[in-house]
1. Given the options L61, L71, L29, name the one that is under 29 Å from R122 (Cα atoms), in contact with a helix residue (DSSP H, G or I) (Cβ under 9 Å, 6 or more places away or on another chain), at pLDDT 80 or above and outside the structural domain of T152 (by TED's automatic domain parsing).
2. For segment 119-152, name all the residues that are exposed (fewer than 12 other Cβ atoms within 10 Å of the Cβ) and either hydrophobic (A, V, I, L, M, F, W, C) or not in a loop (DSSP other than H, G, I, E, B) (or both).
3. Residue check: is S104 at pLDDT below 90 and hydroxyl-bearing (S, T, Y)?
4. So, in segment 89-129, how many residues would count as being over 19 Å from the mean Cα position of the chain (by Cα), closer than 25 Å to I51 by Cα and of a type in the set (D, E, K, R)?
5. Taking only pairs six or more apart or across chains, which ones have beta-carbon atoms under 6 Å, a first residue in segment 130-150 that is more than 14 Å from V113 (Cβ to Cβ) and in contact (Cβ under 8 Å) with a residue 12 or more places away in the chain, and a second residue that is of a type in the set (S, T, Y) and part of a strand (DSSP E or B)?
6. When the residues of segment 1-45 are narrowed to those that are closer than 22 Å to I92 by Cα and of a type in the set (D, E, K, R), which ends up farthest from the chain's Cα centre (by Cα)?
7. Can you confirm whether segment 46-55 contains a residue that is closer than 19 Å to E98 by Cα, among the small types (G, A, S), exposed (fewer than 15 other Cβ atoms within 10 Å of the Cβ) and within 19 Å of the chain's Cα centre (by Cα)?
8. Return yes when V132 is aliphatic (A, V, I, L, M) and either within 28 Å of S49 (Cβ to Cβ) or at pLDDT 90 or above (or both) and no when it is not.
Amino acid sequence: MPSEIIACEKCLNGLSQEEIDDVNHWRCLNESMWSTVPAVQVVAYRMLSKIRSEGWPQDLLDMMYLEEEVLTWAKKDSEVENKSILEKKSHIDSNGVELSAGDSVVLIKDLKVKGASFVAKRGTAVRNISLVHDNPAHIEGKVNGQQIVILTEYVKK
């Protein structure tokens, strides 16, 4: 598999940075992600994953298709990044966006509320959430006037 790509200077600098200054520069990935060159696909996947909190990159990731071996290659280094995100004890929604106390989120799935006689419907807005400090996978918020614990994987900001 070829492992080299041609990239502009701005892209080369962005690949090595942890924080991305000009996120809109990466809109070129909208077309690059469809390349048949595995190295280009891997770089597109990794960069889209890195900036997924912007919203539009997550949409592209949802559309992107990679062969199994290319996907494994693309995720190789991102698994280390994901572990470091969890080690920081940050609360991350289903799209990879960091959540903060007081944020508003939307449920992405119908959730049966344990200990209650209702189902929290998909699309329900949960405002002014609070974070469960000892568990980054949980947040708290009010749904139908009742305070409940919600898994972060079932919400989006």
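1. The unique qualifying residue is L61.
2. Within segment 119-152, A125, Q147 qualify.
3. In short, no.
4. 1
5. none
6. Among residues in segment 1-45 that are closer than 22 Å to I92 by Cα and of a type in the set (D, E, K, R), the one farthest from the chain's Cα centre (by Cα) is D21.
7. Yes, segment 46-55 contains a residue that is closer than 19 Å to E98 by Cα, among the small types (G, A, S), exposed (fewer than 15 other Cβ atoms within 10 Å of the Cβ) and within 19 Å of the chain's Cα centre (by Cα).
8. Here the answer is yes, as V132 does meet what is asked.
The values are calculated or read from the model by the stated rules, or taken from the named source; none is laboratory data. None of these values were measured; they are calculated from a predicted model. Neighbour counts are summed over all protein chains in view; Cβ atoms, including those assigned to glycine, are modelled from backbone coordinates with ideal geometry.
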